[in-house]
Amino acid sequence: MLKPFDLFMPDTLKEAFDLMEKHKDAKVVAGGSDVFVLMHKGEEHPCMIDIKNIKELQGFACSASLGMKIGALTKLCELERSDFVQKYYPALADAASKMASIQVRNKGTVGGNICNASPAADTAGPLYIYDATVEIVSRSGPRIVAITDFFTGPKKTCLKPGELVAQITLPAPTPNSGSAYQKLMKRGAMEIGIMSTGVKVAVDKDGICVLARISLSAVNPTPIRATVAEEYLVGKKLTAETIGHAAELAYGIACPLTWRNCEEWSKDMVLVFVPQALDHAIKRMQKGAF
């Protein structure tokens, strides 16, 4: 049974900023799929501001030559079903398709997923490997932060009072690249990930790796990039041996002592899922996908 709460639904950013200034302790929600679960468990939010009607934050624009701008209120199901996302940013489509249920994906938003700041946030891993940036807006204007700087701890972000996420920007797809997302779940569906990894690699005409991105989620206090593994792969051919060693380097930085997970075996799964994701990404690249 939900405790009573005041609900405000602004139609513009100005209205939202006015409400946030007046109700400084209000909880801002977009899809609300995470918040209402916690409220049913007893968490209290006497005042809530639902921003889902703000048109400036809805939808996404995309171009193979310019990249993609994703409004904070873009539904997860929109990414899952988009032909453009499936072709050019398939790891993001992979992640969206593995999140919760169809009902939740029809309600949950990209902005809500990252603002919830779970170490296991599904969209975070793909956004990390695609070098995304986050546009944050307030009365004083916008500011841009790298997605890797957005998460500051479990359930914590760099957002300041009076700020909202407006959109996430992804650079144009990298030529001769492939990407993928793998998620470990006990039931295989409708579950928060025990660990997950996003990967992206690109090669030159001789098959030498010129770019590598490896993200890990749910095995650290925040999603992270395994930069030591990425740096190792660059300049090498993507063989079973080099991929295996990259997985070992990623394993070395996994520290699954978080609110979400303290199981040592989830760290061991880094050795399994990173190679699987890299293999999938390479196969996509060989087929001319991304």
Would you mind stating whether Asp149 is assigned to a loop (DSSP other than H, G, I, E, B) and among the charged types (D, E, K, R)? no
Which of the residues spanning region 143-159 are over 22 Å from Lys27 (Cα atoms) and among the small types (Gly, Ala, Ser)? Ala146
Enumerated strands (runs of 3 or more DSSP E) restricted to region 1-106, each holding at least 3 residues that are at pLDDT 95 or above and touching a strand residue (DSSP E or B) at 6+ places or on another chain (Cβ under 8 Å): 67-71
Output the residues belonging to region 199-221 that are under 18 Å from Ile243 (Cβ atoms), buried (at least 22 other Cβ atoms within 10 Å of the Cβ) and of a type in the set (Gly, Ala, Ser). Ala212, Ser215
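Go through region 224-254 residue by residue and tally those that are part of a helix (DSSP H, G or I) and among the aliphatic types (A, V, I, L, M). Full working, then the answer.
The initial filter retains those residues of region 224-254 that are part of a helix (DSSP H, G or I), namely 227-233, 240-253.
From what's left, among the aliphatic types (A, V, I, L, M): 228-229, 233, 240, 243, 246-247, 249-250, 253.
The total comes to 10.
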Of everything in region 222-259, what is at pLDDT below 90 and surrounded by fewer than 22 Cβ atoms within 10 Å (Cβ to Cβ)? Give them in sequence order. Cys255, Leu257, Thr258, Trp259
Looking across region 98-113 at residues that are more than 9 Å from Leu76 (Cβ to Cβ) and surrounded by fewer than 24 Cβ atoms within 10 Å (Cβ to Cβ), the single one that is nearest to the chain's Cα centre (by Cα) is Lys98
Kindly check whether there is at least one residue in region 205-223 that is in a helix (DSSP H, G or I), of a type in the set (Val, Ile, Thr), more than 19 Å from the chain's Cα centre (by Cα) and farther than 17 Å from Gly125 by Cβ. no
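Is one or more of the residues making up region 119-131 aliphatic (A, V, I, L, M), at pLDDT below 95 and under 14 Å from the mean Cα position of the chain (by Cα)? Show your work before the answer.
Filtering region 119-131 down to residues aliphatic (A, V, I, L, M) leaves 120-121, 124, 127, 129.
Filter again for at pLDDT below 95, leaving 120-121.
Now restrict to residues that are under 14 Å from the mean Cα position of the chain (by Cα): 120-121.
Checked region 119-131: at least one residue is aliphatic (A, V, I, L, M), at pLDDT below 95 and under 14 Å from the mean Cα position of the chain (by Cα).
The values are calculated or read from the model by the stated rules, or taken from the named source; none is laboratory data. Model, not experiment: these values are computed from the prediction. Because the Cβ atoms are built from the backbone with ideal geometry, glycine has one as well, and the counts that use them run over all protein chains shown.
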